[in-house]
């Protein structure tokens, strides 16, 4: 198993869990998996990346696959931790919440419990007492922090359980596929990597996209 450590390392990266039909033997086989009958040397029609060609994208992804840049997707801590990063909820900004899908929230009851615990955590985090310097405020703040720590542990456990269920569904849906995990960033000055990170390159394949924006 080839492993790249630290998949989601900052707020401008995305991890892609992808089911390729098989392990590509060369870049052109990968090209047809991603882009079908497109012309390899043509520029991709994209508003923000007008100088990117189809073949450039495929060459980069193929290089990443065979340059020890991916993890075989299976039930291990690296994959489950990364998958657990797709669950996030904010009671005060609903538009940023995770959206339930085939590989996100496969168990609706568990997903709802996780959401409720996150909302509870939101409320406790926003209840600051440390701005008031007196004995009562200090006691309240210590109590608030203890409740936060307890809820963080609960939500982490629920996220991991949800990740196991969603990963099981993905693997059951794609039992004979070449299932891999790749990560790309959009803030390191590499336009090609930024294009892959943000343009939906893998949408034609079964995939889970976990972004941190």
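The numbers here are math on the coordinates, done by the rules we state, and not lab data. The structure presented is a predicted model; accordingly, all values stated were derived computationally and were not measured.
Odds and ends about this structure:
- Spread over its residues, the convex hull of the C-alpha atoms of segment 93-195 is 156 Å³ per residue.
- Within the listed set 184, 54, 103, the Gaussian network model of the chain (springs between alpha-carbon atoms below 10 Å) gives the highest mean-square fluctuation for 54.
- Counting only alpha carbon atoms, the long axis of helix 108-126 and the longest principal axis of the chain meet at about 50°.
- Rounded to the nearest 10 degrees, the inclination of helix 54-65 to the longest alpha-carbon principal axis of the chain is 60 degrees.
- Segment 158-213: C-alpha gyration tensor shape, a/c 1.5 cut-off, then a/b vs b/c: oblate
- Theoretical ellipticity at 222 nm over the chain - DSSP helices of four or more residues, -39500 (n - 2.57) apiece, nearest 500: -15000 deg cm²/dmol
- Residue among 195, 89, 43 with the largest mean-square fluctuation in a Gaussian network model of the chain, springs linking Cα atoms under 10 Å: 43
- Once Rg and the Kirkwood radius are both taken over the C-alpha atoms of the chain, their ratio Rg/Rh works out to 1.06.
- Under a Gaussian network description of the chain, with springs only between Cα atoms under 10 Å, the residue in 176, 25, 159 that fluctuates furthest is 25.
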